[in-house]
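Asks: Sharing a structure with you now.
A short reminder: the numbers here are calculations on the coordinates, not readings from a lab. Not measured: the values here are computed from a predicted model. Glycine gets a Cβ as well: all are built from the backbone with ideal geometry, and neighbour counts include every protein chain shown.
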Amino acid sequence: MTVADRPRTTVRELLSSDGRHTVFQRCLHRPVRSLLVIYAISRLIALLAIWVAARYYQNPAGVGHLEPGLADMFLLWDSDWYHQIVTDGYPIPLPANPRTGDITYSSWAFFPLFPGLVRLVMLTGLDFTASAVLLNVLLGAGATILVWKVLSHPGHAASQPARDRLAFVAAALWCFYPATGVMLLPYTEALAALLITGALLLLMRQQYLWATVVVLLIGFSRGVAAPLGLAVLAHLAVRWRDDRAAGVPVFAHDRAKIAALVLATGISGVAWPLTVGYLSGLPDAFFQVQAAWGQRPDEGPFVLWFNWAFTERGWMGVIVMVGLVATYLALVLGRHGRWIPLEVRMWAVAYPLYLFAVVRPITSMWRFLLLDVPLAALVASVTMRTSTGQQVVRHWRRRAVVVVLVCIGGIFAWSCGLLPYVPWHVTPP
């Protein structure tokens, strides 16, 4: 049979119900390629949103000239700090207020792995912006595949015949998270997403030594060791139960590897603060710098959020905030979360609560929640399945399209509403 003799799929067939089914089956048959195509489309949409922000929303005062352009948007906010780290390194001694002597904000609040990788890419001759964007595009692509891999893993999760479909759609929806544009900018979200999903996947596969390496790298890229540690403990608790039920020695042949992983998780949480303390000569330098940036976990967990909600809307604000958190936890722990692997569900519970406990109320929470990968899985489940969570509805494709369109609107809202920098109106992305 020649190429011309092969049957072709017409546009009418593709638009039909059977055609849509065929197209989706082809996507599932080649999930990596399909997800990379979806990821590329989401990058183009995010880039368009950033261009719109530059063209119509960026005030000239924020960039120092009268005609803000796309390139200006890649050196705003934290991007400028990473640029300083790459070009000038970390300042010694720590910057301090000349009148009070108090430690002021500086680049020491930013973890070193991402700027270190950017510097390596710059050895090719590319400048900072091009190197950071190229690096993040590649890291984001890898993270998208790992999101799919993590959610496809059947271990320690309720039986779900539609797992492949749910995982694929969840990974696709994650690409369209409203703050996804940050993975084009010189920020650490793409790197953190890659490392966190990689650590979870290695943990579920019981590849503890490789997980140890990744967890240590996380310690120099993001301060998320505490919630990740809870995911590790959840995994070990279930394995303990499974080993005892199977009548085999608990953690047989893996005890040293598990001990290394647990130790690495603890080290990951203090690696960069200890490094900052050693290099600066001030043991608590990292926390002083964080306090200068407004992060004050010493005031108590969740206190800043409750104060903010009450100040803004009174008791109604507190009730709404508690209601949103309770609804999210009910989704994670309920029927829409049972198909998600236990380790990932633990991350879904621990990471957002960790953010609310230690991070002050700030608009950057939108991009922080990009790392709450299971959120995309919950949205996929609510979109595709019945209220009982048992079956996939027949018209799930139409519902998924609506969700994607809403998310695209969110991408433009985030890019145009938070990304532009105006000196007298600070709303960091």
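Asks: Out of every Cα-Cα pair in the stretch 217-317, what percent are more than 18 Å apart?
Replies: Beyond 18 Å sits 66 percent of the P(r) for the stretch 217-317.
Asks: I would also like to ask the following. Under the definition of Cα pairs under 8 Å and six or more residues apart, what whole-number percent is the relative contact order of the stretch 28-417?
Replies: For the stretch 28-417, the relative contact order is 23 percent.
Asks: A further question on this structure: Using a 10 angstrom cutoff on alpha carbons, build the Gaussian network for the chain and name the most mobile of Val182, Val270, Val379.
Replies: Val270
Asks: Mind giving me the nanometre distance, one decimal, between the label points for Val422 and Val248, set 7 Å out from Cα along Cα→Cβ?
Replies: With each label placed 7 Å out from Cα toward Cβ, I get 6.2 nm.
Asks: Give a residue-ordered list of calculated ³J(HN,Hα) values for the stretch 29-39 (Karplus: 6.51 cos²θ - 1.76 cosθ + 1.60, θ = phi - 60°; whole Hz; x for Gly, Pro).
Replies: Taking θ as phi minus 60°, the curve returns 5, 10, x, 5, 4, 5, 5, 5, 5, 4, 4 Hz for the stretch 29-39.
Asks: Report Rg (one decimal) and Dmax (nearest whole number) for the stretch 28-417, counting Cα atoms only, units Å.
Replies: Computed over the Cα atoms of the stretch 28-417, radius of gyration and Dmax are 21.6, 73 Å.
Asks: Among Ile258, Ala170, Leu134, whose Cα lies farthest out toward the positive end of the dipole of the chain, if unit charges sit on the beta carbon of Lys, Arg (+1) and Asp, Glu (-1)?
Replies: In the chain, that residue is Ala170.
Asks: For Leu120 and Tyr278, what is the calculated FRET efficiency with R₀ set at 25 Å and r taken between the beta-carbons, to the nearest 0.05?
Replies: Efficiency for this residue pair is about 0.60.
Asks: Rounded to the nearest 0.05, what FRET efficiency do Asp164 and Thr104 have when you use their Cβ-Cβ distance and R0 = 56 Å?
Replies: After rounding to 0.05, the efficiency reads 0.65.
Asks: Could you please state, rounded to a whole Å, how far the C-alpha centre of the stretch 242-303 is from the C-alpha centre of the stretch 102-164?
Replies: A separation of 20 Å, based on Cα centres.
Asks: Taking only DSSP H segments of four or more residues, each worth -39500 (n - 2.57), what value at 222 nm results for the chain once the sum is divided by all its residues, to the nearest 500 deg cm²/dmol?
Replies: Only helices count here, giving -20500 deg cm²/dmol.
Asks: When the chain is treated as a GNM, springs tying every alpha-carbon pair under 10 Å, which of Gly294, Gly198, Gly101 comes out with the largest mean-square fluctuation?
Replies: Gly101
Asks: Taking the Cα centre of the stretch 350-429 as origin, work out the dipole magnitude from +1 charges on Lys and Arg Cβ and -1 charges on Asp and Glu Cβ, in debye rounded to 20.
Replies: The dipole of the stretch 350-429 has a size of about 360 debye.
Asks: Enumerate the calculated ³J(HN,Hα) couplings along the stretch 113-127 in order (Karplus 6.51 cos²θ - 1.76 cosθ + 1.60, θ = phi - 60°), each rounded to whole Hz, writing x wherever the residue is Gly or Pro.
Replies: Couplings: 5, 4, x, x, 5, 4, 4, 5, 5, 5, 5, 6, x, 6, 7 Hz.
Asks: Non-local amide H neighbours of Arg205 (under 5 Å, H modeled in plane, Pro and chain starts lacking H): which ones?
Replies: For Arg205, whose amide H was placed from the backbone, there are no distant partners under 5 Å.
Asks: For labels at Ala71 and Thr327 in the simple 7 Å Cα→Cβ model, what's the distance in nm?
Replies: Inter-label distance under the simple model: 4.4 nm.
Asks: In a GNM of the chain with a 10 Å cut-off on Cα contacts, which of Met365, Met316, Met183 has the highest mean-square fluctuation?
Replies: So, out of Met365, Met316, Met183, the one fluctuating most is Met316.
Asks: Could you give each residue of the stretch 55-68 its phi-based ³J(HN,Hα) in whole Hz, using Karplus coefficients 6.51, -1.76, 1.60 with θ = phi - 60°, and x for Gly or Pro?
Replies: 6, 10, 10, 6, 6, x, 4, x, 10, x, 8, 7, 10, x
Asks: Please identify the longest segment of the chain free of exposed trypsin sites (Lys or Arg not before Pro), where exposed means a DSSP state other than H, G, I, E or B and no more than 10 other Cβ atoms within 10 Å.
Replies: Between the exposed loop sites, the longest stretch runs 100-393.
Asks: Can I ask one more? Quick one: dipole size for the stretch 28-417, taken about the Cα centre, charges +1 on Lys/Arg Cβ and -1 on Asp/Glu Cβ, in debye to the nearest 20.
Replies: I would put it at about 1740 debye.
Asks: Using R₀ = 25 Å, calculate the FRET efficiency as 1/(1 + (r/R₀)^6) where r is the Cβ-Cβ separation of Arg255 and Trp210; round to 0.05.
Replies: 0.90
Asks: Out of residues 5 or more away from Arg385 or on other chains, whose amide H comes under 5 Å of its own, with H placed 1.01 Å from N in the peptide plane?
Replies: The list, which skips near neighbours in sequence, is Val393.
Asks: Related question: Whose amide H sits under 5 Å from the amide H of Val422, counting only residues 5 or more places off or on another chain, with H placed in the peptide plane?
Replies: Thr427
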